[in-house]
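Here's the structure we're looking at; comments come further down.
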Amino acid sequence: MNGRPRVFVSRRIPSEALVSIADACDADIWEEDLPPARDELLRRVAGCDGVLTLLTDRVDDAFLDAAGSGLKVVSNYAVGFDNIDVAACAARGVAVGNTPGVLTETTADLAWALLMAAARRLPEGDRYVRDGHWKTWGPLLLLGPDVHGATLGIVGFGRIGQAVARRAQGFGMHILYHDVSEVPEGVAMELGASYRPLEGVLAESDFVSLHVNLSPATRHLINANTLAWMKPTAVLVNTSRGPVVDQVALAAALRDGVIAAAALDVTDPEPVPMDDPLVGMDNCLIVPHIASASRATRGRMAEMAAANLLAGVFGEPLPTPVMPPA
Ligand code: DGY
């Protein structure tokens, strides 16, 4: 590397982090609101020492070829890294970083907000008022299930799943969880959570919240068969990744009363096409992938992503590296 490292930052992120990057590097920052088109992305990364990516940027062999052999680091501005072929990066000696930990509580807050909003039909109530339908107090108006005292099933019981469980404790919920392995007994006891196979969690729960990583094993984990295990009164919340849910099967399940409602922070694809049947359904609440979108959390994610980028371009170990898959 001659002189200052060259980096590409694929979107504006909170400004302190951008300043620290621009102070230390020759930084090319993508200023648009929409991500760079694929061709543009590949052009911009050519010859870079480091790239700060978002989950909308696919990092694969074509990206790595375009960047060239000088690329040292890909720093993802997200905890999830399913947009990155980590094995391909590892094979070329390119370090990969992400932003774990800092968004756990904020994401759990949004999962909780979605659960509450879907249960108590807040978007429908808001539309009802604004559309001028509110004429009187109605004994049967917009009835929904109680959240307090209900059974919550958490699929994926890592940091965020456990943070959702802590919120559920405050609502006196009965908590079930499923993951590839059981958590230590002390953790389960502290959270009052009981392990079940996936079918048990789905069948016994009034609310199901998804917190798994996207992998070949979890793609379409929620499909026509697994939706059929759920109660017809159940509410599904997804703040993990869109492809964890088979969206065609979900729309059919919501239409046919297989389950009662869904609340989604993530869809497949993103953004959700306006002609997707889910968009027209009153019993499906959709928000635009905003689970980590608090000012403080997005600021901390930016600091971490900048720290990983700078460490990588200067040949130091990343503070929060992503491990290549075993
Ligand atoms: C992540 O970090 O993986 C979220 O989906 C965006 O904050």
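The values are calculated or read from the model by the stated rules, or taken from the named source; none is laboratory data. The model shown is predicted, which means the values in this text are computed figures rather than measured ones. Ideal geometry is used to build each Cβ from the backbone, glycine not excepted, and the neighbour counts take in all protein chains shown. Accessible surface is based on the protein model in full, side chains and every heavy atom, while ligands, DNA and RNA are left aside. Shrake-Rupley method; radii C 1.70, N 1.55, O 1.52, S 1.80 Å.
For the chain, the 222 nm mean residue ellipticity estimated from helices alone, with every DSSP H stretch of n ≥ 4 adding -39500 (n - 2.57) and the total spread over all residues, rounds to -10000 deg cm²/dmol.
Sorted by accessible area (1.4 Å probe), largest first, how do MET323, MET116, MET301, MET281 line up?
Putting MET323, MET116, MET301, MET281 in descending order of accessible area: MET323, MET116, MET281, MET301.
The label-point distance for GLU190 and SER69, in a model that sets each label 7 Å from Cα toward Cβ, rounds to 4.9 nm.
Around the amide H of GLY97, modelled in the peptide plane, lie the amide H atoms of VAL74, SER75, ASN76, VAL322, all under 5 Å away and 5 or more residues distant in sequence or on another chain. A cut-off of 5 Å between modelled amide H atoms, ignoring neighbours fewer than 5 places along the same chain, links ILE286 with LEU264. Put one equal scatterer on each alpha carbon of region 138-271, apply the Debye formula with no solvent term, and list log10 I(q)/I(0) at q = 0.19 1/Å to two decimals. Treating every Cα as an identical point scatterer, log10 I(q)/I(0) equals -1.07. Distance distribution P(r), the chain, all Cα-Cα pairs, bin width 10 angstrom from 0: 6, 25, 29, 22, 14, 4, 1, 0 percent. Applying 1/(1 + (r/R0)^6) with R0 = 45 Å to the Cβ-Cβ distance of ALA296 and TYR128 gives a FRET efficiency near 0.85. Computed log10 I(q)/I(0) for region 212-288 at 0.11, 0.12, 0.22 Å⁻¹: -0.23, -0.27, -0.97, from the Debye equation with unit scatterers placed on every C-alpha and solvent omitted.
Computed extension gain for ASP275 through THR56, at 0.36 nm per residue and net of the alpha carbon distance, reaches 76.7 nm. With both labels modelled 7 Å from their Cα along Cα-to-Cβ, the THR233 to HIS220 distance reads 3.2 nm. The modelled label-to-label distance for the pair LEU42/ARG255, using points 7 Å beyond Cα in the direction of Cβ, is 3.7 nm. The separation of region 1-21 from region 235-300, counted between C-alpha centres, amounts to 33 Å.
Hey, in the GNM for the chain with a 10 angstrom Cα cutoff, which one of LEU122, LEU176, LEU310 fluctuates hardest? Highest fluctuation among the options: LEU122. Mind listing which trypsin sites (Lys or Arg not before Pro) in region 177-272 are in a DSSP loop and have 10 or fewer other Cβ atoms within 10 Å? The qualifying sites: there are none.
Do any GluC sites (Glu not before Pro) in region 4-112 lie in a DSSP loop with no more than 15 other beta carbon atoms within 10 Å, and if so, which?
Working: sites: GLU16, GLU31, GLU32, GLU40, GLU105; in loops: GLU31, GLU32.
Answer by residue number: GLU31, GLU32.
In terms of accessible area, using a 1.4 Å probe and ignoring ligands and nucleic acids, TRP30, TRP134 rank largest first as TRP134, TRP30.
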